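J.: Sharing a structure below in structure tokens format, with a few things to ask.
A short reminder: the numbers here are calculations on the coordinates, not readings from a lab. Since this is a predicted model, take the numbers as computed values, not measurements. Note: ideal-geometry Cβ built from the backbone for every residue, glycine included; neighbour counts use all protein chains shown.
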Amino acid sequence: MRVDGRAGALMKPLLLAVLKLLAAVFAFVGVLAGCLAVMLMLLMLLRVPVVLVAILLASFIFITLQHLKQKRSR
């Protein structure tokens, strides 16, 4: 179905505005979900200290392997 004339000219900006609003809502929900994930991770780290030790150990191993890889590539 094709809309001609003045109605079609008015619908295009309205559809673009709705699309922009929808994109903004999805971005906002994504930011909220990311913040919630970070907050839950921090809460878990405070309640279970073993997880903090495991993350620190994994980070140390990762950084050490990166340095070894850089030294070999030279």
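J.: To the nearest 20 debye, what charge dipole does the chain have about its Cα centre, counting +1 at the Cβ of each Lys and Arg and -1 at the Cβ of each Asp and Glu?
T.: It comes to approximately 380 debye.
J.: Go ahead and run the numbers for FRET between Leu43 and Ile63, Cβ-Cβ distance against an R0 of 22 Å, rounding to 0.05.
T.: Taking R0 as 22 Å, the efficiency between Leu43 and Ile63 is 0.30.
J.: Rank Leu68, Val48, Ala58 by how far each Cα sits towards the positive end of the charge dipole of the chain (+1 on Lys, Arg Cβ; -1 on Asp, Glu Cβ) and give me just the farthest.
T.: Selected residue: Leu68.
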